[in-house]
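**Student:** Questions regarding the structure given below will be posed in turn.
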Amino acid sequence: MSAPRSRPANRIPGELEFWLLIFGELAVFLVLFGAFEWVAIGHREQFATGHDQVNVWIGAANTIALLSGSYAVATGLAQVREGRHDGARRCYAAAIACGLAFVVLKAVEYSTHLIHRDQLANPFFTWYFALTAIHLVHVLVGLVAVAYAHRLSATGRLRVAPAEGVGVYWHMVDAVWIVIFYLVYVA
């Protein structure tokens, strides 16, 4: 049995197939963002009204939660690379807490909009729910991946390549959220 080959230090993290998945996901969101902007051009008044009705503070809190989770995931990866599985486990637990905070905040935000049914006739909210719900599904997938990394790190079996994949996915989810935050809450 031959020894595993070491990877060059300057390589791109993760596996090629995983990067194809990431770029595919980003392409889907790019199309959604373009469609959002296209519809916004034709419905300027309704989109302006919709922007006024979203809670920018919840959006900002969601951004902080995801970025904090990203920091925890990146720190967890660094811990895995150093063979510190207990530290990685704690980092992944923190990332899970941040992801769950995002989910709870999103549920609170959704409930406030669903109570005001008149908002639902606004095309802005059609796109708001579409973009944020698709993103929320990605956050949930990311949480499953981070929970798996947490479980493996607790047993000392988490390896660098899977930890890198978890990190790349989580960072992709963050990057997409930053665009959503700008389009939905700020612009």
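The values are calculated or read from the model by the stated rules, or taken from the named source; none is laboratory data. This structure is a prediction, so every number in the text was calculated from the model and none was measured. Counting neighbours? That spans all protein chains shown, and the Cβs are built from the backbone with ideal geometry, glycine included.
**Student:** Taking residue 50 as meeting all but one of (1) modelled with pLDDT under 95; (2) surrounded by fewer than 19 Cβ atoms within 10 Å (Cβ to Cβ), write down the number of the exception.
**Tutor:** Result: residue 50 fails condition (2) only.
**Student:** Oh, and also: Pairs, please: C-beta under 8 Å, at least 6 apart or cross-chain, first residue among the aliphatic types (A, V, I, L, M) and in segment 42-61, second surrounded by fewer than 16 Cβ atoms within 10 Å (Cβ to Cβ)?
**Tutor:** Within 8 Å, the pairs are 56/186; 58/108.
**Student:** Which is under 29 Å from residue 56 (Cβ atoms) and either buried (at least 20 other Cβ atoms within 10 Å of the Cβ) or polar (S, T, N, Q) (or both), of 176, 166, 186, 137? If you could, list the steps in order and put the result at the bottom.
**Tutor:** Working: 166 fails: under 29 Å from residue 56 (Cβ atoms); 186 fails: either buried (at least 20 other Cβ atoms within 10 Å of the Cβ) or polar (S, T, N, Q) (or both); 137 fails: either buried (at least 20 other Cβ atoms within 10 Å of the Cβ) or polar (S, T, N, Q) (or both).
That would be 176, the only listed residue that is under 29 Å from residue 56 (Cβ atoms) and either buried (at least 20 other Cβ atoms within 10 Å of the Cβ) or polar (S, T, N, Q) (or both).
**Student:** State which residue pairs qualify: first residue touching a residue at least 60 places away in the same chain (Cβ under 8 Å) and within 15 Å of residue 82 (Cα to Cα) and inside segment 153-169, second residue surrounded by fewer than 19 Cβ atoms within 10 Å (Cβ to Cβ) and among the charged types (D, E, K, R) in any location, beta carbons under 7 Å apart, and separation of 6 or more residues or different chains.
**Tutor:** 160/81; 161/15
**Student:** Right, residue 58: touching a helix residue (DSSP H, G or I) at 6+ places or on another chain (Cβ under 6 Å), surrounded by fewer than 17 Cβ atoms within 10 Å (Cβ to Cβ) and either assigned to a helix (DSSP H, G or I) or at pLDDT 95 or above (or both) or not?
**Tutor:** It is true that residue 58 is touching a helix residue (DSSP H, G or I) at 6+ places or on another chain (Cβ under 6 Å), surrounded by fewer than 17 Cβ atoms within 10 Å (Cβ to Cβ) and either assigned to a helix (DSSP H, G or I) or at pLDDT 95 or above (or both).
**Student:** Suppose the filter is of a type outside the set (Lys, Arg), crowded, with 17+ Cβ neighbours inside 10 Å and either within 14 Å of the chain's Cα centre (by Cα) or farther than 20 Å from residue 57 by Cβ (or both); does residue 101 pass it? Spell out how you get there, then give the answer.
**Tutor:** Details: of a type outside the set (Lys, Arg): yes; crowded, with 17+ Cβ neighbours inside 10 Å: yes; either within 14 Å of the chain's Cα centre (by Cα) or farther than 20 Å from residue 57 by Cβ (or both): yes.
Yes: the conditions hold for residue 101.
**Student:** Take residue 166 and decide whether it is under 20 Å from residue 15 (Cα atoms), at pLDDT below 95, in a helix (DSSP H, G or I) and touching a helix residue (DSSP H, G or I) at 6+ places or on another chain (Cβ under 9 Å). It would help to see each step written out before you state the result.
**Tutor:** Details: under 20 Å from residue 15 (Cα atoms): yes; at pLDDT below 95: yes; in a helix (DSSP H, G or I): yes; touching a helix residue (DSSP H, G or I) at 6+ places or on another chain (Cβ under 9 Å): yes.
Yes.
**Student:** Residues that are in contact with a His (Cβ under 6 Å, 6 or more places away or on another chain) and either surrounded by 14 or more Cβ atoms within 10 Å (Cβ to Cβ) or closer than 20 Å to residue 132 by Cβ (or both): does segment 104-120 have at least one?
**Tutor:** Of segment 104-120, the ones in contact with a His (Cβ under 6 Å, 6 or more places away or on another chain) are 119.
Checking the rest, the ones that are also either surrounded by 14 or more Cβ atoms within 10 Å (Cβ to Cβ) or closer than 20 Å to residue 132 by Cβ (or both) come to 119.
There is at least one residue in segment 104-120 that is in contact with a His (Cβ under 6 Å, 6 or more places away or on another chain) and either surrounded by 14 or more Cβ atoms within 10 Å (Cβ to Cβ) or closer than 20 Å to residue 132 by Cβ (or both).
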